[in-house]
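The values are calculated or read from the model by the stated rules, or taken from the named source; none is laboratory data. Because the structure is predicted, anything quoted here is derived from the model rather than measured. Cβ: placed from backbone, ideal geometry, glycine included. Neighbour counts: every protein chain shown.
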Amino acid sequence: MAVLLLAEVTGGALQMDATAKSVTAVKDLGEVTLLCAGAEAAEAASQAATIDGVAKVLCAEDAQYGHRLAEPTAALIVSLAGDYSHIVAPATTDAKNILPRVAALLDVMVITDVSGVVDADTFERPVYAGNALQTVKSRDATKVLSIRTSTFDAAGTGSSAPVENIGPAEAPSLSEWVEDHVAASDRPDLTSASIVVSGGRGVGSEEDFKIIEALADKLGAAVGASRAAVDSGYAPNDWQVGQTGKVVAPDLYIACGISGAIQHLAGMKDSKVIVAINKDEEAPIFQVADYGLVADLFEAIPELTEKV
Amino acid sequence: MKVLVPVKRVIDYNVKVRVKGDGSGVDLANVKMSMNPFDEIAVEEAVRMKEAGTVDEVIAVSIGVKQSQETLRTALAMGADRAILIVAADDVHQDIEPLAVAKLLKAVVDAEQPGLVICGKQAIDNDMNATGQMLAALLGWSQATFASKIDVEGEQALVKREVDGGMQTIRVKLPAVISTDLRLNEPRYASLPNIMKAKKKPLDEKTPEDYGVDVSPRLEVVKTTEPPERQAGIRVGSVDELVDKLKNEAGVL
Ligand SMILES: Cc1cc2nc3c(=O)[nH]c(=O)nc-3n(C[C@H](O)[C@H](O)[C@H](O)COP(=O)(O)OP(=O)(O)OC[C@H]3O[C@@H](n4cnc5c(N)ncnc54)[C@H](O)[C@@H]3O)c2cc1C
Ligand SMILES: Nc1ncnc2c1ncn2[C@@H]1O[C@H](COP(=O)(O)O)[C@@H](O)[C@H]1O
């Protein structure tokens with residue numbers, strides 16, 4: 001058995017955390033080959049080669065892989081698929097876009113958001129916003145899986161696997177990149193940060209979200225948000241934590257002005273320590289919080305920022 | 001141009017899910033069911049395109065139990081022109097996998113020749129986030145997932161997508177499959193007169209056999225369990241107490 005793992009490469013850079021966590025999830029299933037694809041991927045490939053448990057790295061550099069469009073990357077993976085029993089990627093928006101396309105081209109099911117590997121055919125995944133855990137056994141010859149990285153520890157580094165350059169695969173030109181709207185930030189990445197401070201509708205405005213950001217910056221934390229905060233324009237979409245946003249499991253999650261809807265809990269309830277600050281003592285968020293503070297966030301957050 | 005909108009009947013997002021004690025699944029008997037929220041957004045978008053004159057006909061399709069008729073009636077009341085129900089299960093607990101759904105949708109696309117399929121990004125029951133991408137693959141079409149803005153421009157569509165790093169805009173050739181994200185629009189409520197009118201709109205009933213598609217599952221559900229519950233914590237009385245607990249008890253600061 002052998003595993004092909006699509007490394008997370010954005011703008012030529014390897015997303016080490018997501019990739020190394022996925023390696024941990026699948027390394028017992030067989031020899032792991034990492035695929036780094038991008039307009040530029042050589043640097044990512046040499047970095048990926050250091051991840052413990054990786055046997056080989058394939059580097060596919062070509063302009064068509066530059067903006068993570070699904071069609072060419074799926075075609076590339078399908079062209080390599082014959083050699084592998086498992087095709088895997090971290091469950092990022094890129095992989096969610098690409099892997100189901102790969103699976104359908106191979107006429108197999110995709111198993112998304114895998115949170116546990118039982119054996120080579122059997123996997124555990126959350127369903128119903130994490131209200132249930134399902135164990136599924138695949139009857140397909142090739143298993144196509146995306147990995148919920150928040151449930152696995154990152155593999156170490158220090159190895160030096162061989163890197164092999166490969167040519168592009170043929171793919172019809174169906175879509176074209178136009179532009180990215182990415183806000184640069186010095187804060188840690190939301191999905192790998194050890195502390196996350198999140199704000200909800202209770203924060204009330206984009207302006208007042210600065211209170212949340214100030215606490216985050218004092219703690220060296222990432223900033224998250226509820227759907228209501230994003231929908232209301234207080235926070236950008238990529239801060240959304242939840243069933244249909246990002247899934248995080250930091251050491252400390254501080255929820256401010258968030259009621260604790262099931263769709264939000266789905267994205268953060270595996271955090272080690274949860275703090276809730278809410279003025280409504282009945283808010284459901286308190287049922288999952290290790291430390292609950294019933295308070296007005298406009299008083300409590302600045303005070304907390306000052307005292308930590 | 002015709003637009004096809006696949007809509008799934010799922011447990012209502014407000015209902016508290018109950019896992020059955022014997023590990024066989026989630027209890028869906030006598031539970032409120034609704035249209036998957038992302039599919040409401042998809043229907044809304046298609047209906048707006050029709051209202052804007054870019055689209056001539058909106059066809060809603062659902063695959064599942066007979067009761068999915070209700071979901072299709074909702075789509076018709078929102079403004080879809082006609083509906084197709086593919087009865088592929090007789091037990092509400094039987095979920096049809098994305099691969100099988102995609103194959104059935106491909107057969108419908110072959111028959112109807114739409115210029116666009118708009119589906120939801122994710123069904124909130126199985127949380128798969130797969131069907132649209134699979135359909136695009138089977139058709140050999142372009143795909144634009146997680147859309148938060150769609151502009152149809154002749155033979156192409158400009159789509160703004162919600163991605164991990166922020167937003168990405170791509171241009172796809174039509175025909176294409178587009179999946180909706182939360183910020184694409186705010187779906188309308190069906191008005192009473194429109195609900196009445198929807199009862200008279202055509203709703204065709206089919207089976208997977210009509211399309212020659214095998215829907216037998218590839219994944220066997222071995223068991224369904226409840227996730228570990230979090231222990232309820234404590235209330236703190238002040239910010240000082242909170243800081244003290246985080247430093248000295250939890251050790252996270
Ligand atoms: C298909 C679907 C997908 C969804 N996906 C997600 C998702 O991924 N992530 C997500 O978060 N949600 C998601 N939701 C939305 C979810 O159901 C809730 O609507 C949302 O999480 C509510 O956000 P909130 O807690 O910020 O707002 P509210 O529920 O309005 O809560 C605001 C809270 O702020 C408190 N508050 C107000 N003022 C103050 C103050 N001054 N000081 C202290 N506290 C204050 C209030 O007491 C209240 O508890 C989804 C919903 C659907 C239907
Ligand atoms: N049984 C179904 N009937 C109709 N549409 C479906 C069905 N299953 C999935 N879909 C469509 O595919 C989208 C994604 O579903 P999924 O891949 O299951 O998360 C949904 O939002 C629907 O638009």
Requiring at least 1 residues that are more than 7 Å from every other protein chain (Cβ to nearest Cβ) and not polar (S, T, N, Q), the strands (runs of 3 or more DSSP E) wholly within segment A:122-180 are A:122-127, A:143-147, A:163-166
In segment B:6-41, anything away from chain A (no Cβ under 14 Å) and of a type in the set (A, V, I, L, M) is listed as B:V7, B:A29, B:M35
From the option list A:I262, A:I274, single residue qualifying as out of contact with any Leu (no Cβ under 6 Å at 6 or more places or on another chain) and more than 8 Å from ligand 1 (Cβ to nearest atom) is A:I274
The residue that is surrounded by the most Cβ atoms within 10 Å (Cβ to Cβ), considering only those in segment A:239-251 that are away from ligand 2 (no atom under 16 Å from the Cβ) and within 11 Å of chain B (Cβ to nearest Cβ), is A:Q240
* To do: With respect to B:R235, determine if the residue is surrounded by 16 or more Cβ atoms within 10 Å (Cβ to Cβ), under 30 Å from A:V223 (Cβ atoms) and not β-branched (V, I, T).
  => no
More than 16 Å from ligand 2 (Cβ to nearest atom), in contact with a strand residue (DSSP E or B) (Cβ under 9 Å, 6 or more places away or on another chain), assigned by the TED database to the domain that holds A:T10 and at pLDDT 95 or above: is that true of A:A161 in this structure? yes
Being under 26 Å from A:V118 (Cα atoms) and in contact with a strand residue (DSSP E or B) (Cβ under 6 Å, 6 or more places away or on another chain) narrows A:A44, A:A55 down to just A:A55
Taking B:A130, is it small (G, A, S), in contact with a Ser or Thr (Cβ under 7 Å, 6 or more places away or on another chain) and more than 7 Å from every other protein chain (Cβ to nearest Cβ)?
-> no
Exactly one of A:D180, A:D121, A:D186, A:D107 is more than 16 Å from ligand 2 (Cβ to nearest atom) and modelled with pLDDT under 95, and that one is A:D186
### Query
Looking at this structure, is A:V136 crowded, with 20+ Cβ neighbours inside 10 Å, of a type outside the set (S, T, N, Q) and closer than 28 Å to B:V221 by Cβ?
yes
Just checking, does segment B:137-147 include any residue being aliphatic (A, V, I, L, M), touching a strand residue (DSSP E or B) at 6+ places or on another chain (Cβ under 6 Å) and more than 9 Å from ligand 2 (Cβ to nearest atom)? yes
inquiry  = Is it the case, given these coordinates, that B:E57 is more than 14 Å from every other protein chain (Cβ to nearest Cβ), out of contact with any Asp or Glu (no Cβ under 8 Å at 6 or more places or on another chain) and more than 10 Å from ligand 2 (Cβ to nearest atom)?
reply    = no
*Does at least one position in segment A:230-238 carry a residue that is within 12 Å of chain B (Cβ to nearest Cβ), touching a Pro at 6+ places or on another chain (Cβ under 8 Å), buried (at least 20 other Cβ atoms within 10 Å of the Cβ) and closer than 25 Å to B:Q168 by Cβ?*
yes
query: Is there a residue in segment B:83-91 that is within 12 Å of another protein chain (Cβ to nearest Cβ), acidic (D, E) and away from ligand 1 (no atom under 16 Å from the Cβ)?
result: no
Condition set surrounded by 19 or more Cβ atoms within 10 Å (Cβ to Cβ) and among the hydroxyl-bearing types (S, T, Y), scope segment A:44-87, selection farthest from A:V144 (Cα to Cα): answer is A:Y65
The lone condition A:K218 fails out of (1) under 22 Å from B:Q168 (Cα atoms); (2) in contact with a helix residue (DSSP H, G or I) (Cβ under 9 Å, 6 or more places away or on another chain) is (1)
The residue that is nearest to B:V31 (Cα to Cα), considering only those in segment B:95-125 that are in contact (Cβ under 8 Å) with a residue 60 or more places away in the chain, part of a loop (DSSP other than H, G, I, E, B) and acidic (D, E), is B:D125
Considering segment A:276-293, residues that are facing chain B (nearest Cβ under 7 Å) and of a type in the set (A, V, I, L, M), and then whichever is surrounded by the most Cβ atoms within 10 Å (Cβ to Cβ), we arrive at A:A289
